[in-house]
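Encoded as structure tokens, the structure appears first; notes follow it.
Bear in mind that the values in this text are calculations on the coordinates, not laboratory data. Everything numeric here is computed off the predicted structure, so don't read it as measured data. Neighbour counts are summed over all protein chains in view; Cβ atoms, including those assigned to glycine, are modelled from backbone coordinates with ideal geometry.
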Amino acid sequence: MTFVAPDYGKAFGLLRDAAGQKDGGLWDAYTRHPFVEGLRDGSLPQASYLHYLAQDYLFLVHFSRAWALAVVKSETRDEMKHASATVNALVNFETQHHVEVCAAHGIDEATLFNAEERPENMAYTRYVLDAGLSGDLADLMVSLVSCVLGYGEIGMRLAQETVADNPYAEWIETYAGDEFQDVCKTAGSMLDQALTRRIGADYAASPRWQRLSDRFIATTRLEKGFWDMGLQP
């Protein structure tokens, strides 16, 4: 069965296409990375998985701060509600999943929080924070969604293609599940609304569109780099 990417809104579709045309298929290089395929068929070494989870825990700490910055950059109550709901999902649900999985392998939360942050992690999270601090909500949102919506797409595909008795079934179920998919739909809607308010409904006609697309492409490259790091514990 051919996988059909989920619909997370107009802007995301355009940005996804733009990333797909870069570097010989950057979007697929991210969403179908060897690390991801190792999750799909269960072949990923456990050491790589735990290394990735520890770094991803640190990533989520900074990513949550970036989404909290979206509250500051919001201009409407709806924008504030969407941004704060995402912070809640990241801090109280996705991060907790990392804590529980690592605890099952003898890694407690204090160890996670104090782990040495890899340069790839620093580069990604600080880029996103800088986009929000130096720009408006449009700059911040296009820098945030390659992670959220990319993981949503990965989760949906892997749920369809995974193997029986996959040791990474819980990870796949987390991102394919209704709760995370609702987060993705909210983020996609928020992205559309933020761009429409700030650059108009015809996104590609805006003088800002190329710069915004470039931000999305940059974070997609950083996502691929994060997977690369995961394979190098």
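Annotations for the structure displayed:
- Anisotropy class of the range 68-127 from Cα gyration tensor, a/c 1.5 cut: oblate
- Comparing Val128, Tyr57, Ser74 along the charge dipole axis of the chain, the residue lying farthest to the positive side is Ser74, per the Cβ-charge model.
- Residues of the range 12-40 with amide N under 17 Å of a point placed 7 Å along Cα→Cβ from Tyr127: 15-33
- For the range 15-24, 3J(HN,Hα) computed residue by residue from phi via the Karplus equation (6.51, -1.76, 1.60; θ = phi - 60°) reads 5, 4, 5, 4, 5, x, 8, 9, 6, x Hz, glycine and proline entered as x.
- For the range 212-223, 3J(HN,Hα) computed residue by residue from phi via the Karplus equation (6.51, -1.76, 1.60; θ = phi - 60°) reads 5, 4, 5, 5, 5, 4, 4, 6, 5, 4, 5, 5 Hz, glycine and proline entered as x.
- Extension gain for the segment Lys22 to Ala159, taken as residue separation times 0.36 nm less the Cα-Cα distance, is 46.6 nm to one decimal.
- The range 152-209 and the range 63-85 have Cα centres spaced 17 Å apart.
- Expected 222 nm ellipticity per residue - DSSP helices of 4 or more, -39500 (n - 2.57), all of the chain, to 500: -24500 deg cm²/dmol
- For Asp136, residues with placed amide H under 5 Å, excluding near neighbours: none
- Going through (i) 143; (ii) 130; (iii) 118, the figure that equals volume of the Cα convex hull per residue in Å³ as computed for the structure here is (iii).
- Distance between the 7 Å Cα→Cβ label points at Val61 and Ala110: 1.4 nm.
- HN-Hα J in Hz across the range 60-71 - Karplus 6.51, -1.76, 1.60, θ = phi - 60°, x for Gly and Pro: 5, 4, 6, 5, 5, 5, 5, 5, 5, 5, 4, 5
- Normalised by 2.2 N^0.38 Å, where N counts its residues, the alpha-carbon radius of gyration of the range 146-201 equals 1.40.
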